[in-house]
Amino acid sequence: DHGEYERLRSLIRELDIADRVTLTGEPDDVPAVMAALSIFVLPSTTEGLSTVVLEAMAMGLPVVATDVGSIGEVLQGVGMLVPSGEAEQLARVLVQLIGDAGLRESVGSRCRNKGRAFGLRRNILVYERLLLLASGQAAARADAGSLLMRARQ
């Protein structure tokens, strides 16, 4: 909301960090915004499976997120997870990533590799099989479950 936006702008001026912080609003060109990032952070308190996490992974960004919804499952072993509401732990992880270029590269590379598993073609195949299964076509039943399991890996 506009009040929150103005509060953030005021805080940015107060902390004298305007040269390092950009409030984008709702950007039209998400890939361009992501290309300008060094680290992607999603400190949600509730979430399903956020598409923006998958986009950040696909771009090879090191992803730091709270372990809520399906995010933990997607980032397990590749990104950096912190419990929801643990601001101090989130800050420690970010300080660690900011100070270690090798770690950023390693986490980003792992995220990119796993992000490929969630590519558009694979999702289309999974949804196609699920639709066939939902429509009652028995042939799809046998492989829908295994396809889903492979898509989650």
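For residues that are among the polar types (S, T, N, Q) and either closer than 13 Å to PRO43 by Cα or in contact with a Phe, Trp or Tyr (Cβ under 6 Å, 6 or more places away or on another chain) (or both), scanning just region 60-102, find the one that is surrounded by the most Cβ atoms within 10 Å (Cβ to Cβ).
Residues of region 60-102 that are among the polar types (S, T, N, Q), as a first pass: 66, 70, 76, 84, 89, 96.
In the following step, the residues that additionally are either closer than 13 Å to PRO43 by Cα or in contact with a Phe, Trp or Tyr (Cβ under 6 Å, 6 or more places away or on another chain) (or both) were identified as 66, 84, 89.
Details: THR66: 23, SER84: 17, GLN89: 13.
Within region 60-102, the match that is surrounded by the most Cβ atoms within 10 Å (Cβ to Cβ) is THR66.
Taking the condition of being open to solvent by less than 60 Å² (accessible area, probe 1.4 Å) and polar (S, T, N, Q), how many residues in region 10-57 meet it?
Result for region 10-57: 3.
Of all residues in region 7-48, how many are acidic (Asp, Glu) and at pLDDT below 90? Quick ask: steps written out before the conclusion?
Of region 7-48, the ones acidic (Asp, Glu) are 14, 16, 19, 26, 28-29, 47.
When the remaining residues are screened for being at pLDDT below 90, the result is 26, 28-29, 47.
Residues meeting the conditions: 4.
The values are calculated or read from the model by the stated rules, or taken from the named source; none is laboratory data. Owing to the predicted nature of the structure, the values given are computational and were not obtained by experimental measurement. Backbone-built Cβ (ideal geometry, glycine too); neighbour counts: all protein chains shown. To get the accessible areas, we keep the full protein, side chains included, count just its heavy atoms, and leave off ligands, DNA and RNA. Shrake-Rupley method; radii C 1.70, N 1.55, O 1.52, S 1.80 Å.
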